[in-house]
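Data block below; observations after.
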Amino acid sequence: MLYLSDILIEHYELESFEQLVTLVEQAKQTGERFFRMDVRPPFPDTPDNWEDRLEGAFY
């Protein structure tokens, strides 16, 4: 299972929500079948529908 917190810890250099979306899209290609959003992304440009956006990027 892939956790959002793990992505954020591994990629501490991220500066925007859009960069995070790109990483989540790439992460689905690693063979992970499940994605859990266990934290809210800490970026100023994080939209209100951030969960839907990240879920759409992964699936």
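Computed about its Cα centre, the charge dipole of the chain is approximately 220 debye, with only Lys, Arg, Asp and Glu carrying charge at their Cβ. The slack in the chain from residue 36 to residue 13, taken as 0.36 nm per residue of separation less the alpha-carbon distance, amounts to 6.2 nm.
Rounded to the nearest 10 degrees, the angle from helix 17-27 to the longest Cα principal axis of the chain is 10 degrees.
Between the listed residues 14, 43, 29, the Cα displaced farthest toward the positive end of the dipole of the chain, a dipole computed from Cβ unit charges relative to the Cα centre, is found at 29.
To the nearest 0.05, what FRET efficiency results for residue 49 and residue 6 with a Förster distance of 30 Å applied to their C-beta separation? The value I calculate is 0.85.
No lab work stands behind these numbers, since they all come straight from the coordinates. Here the structure is a predicted model, which means the values were calculated and not measured. A quick note on method: Cβ atoms are made from the backbone with ideal geometry, for glycine too, and the neighbour counts reach across all protein chains shown.
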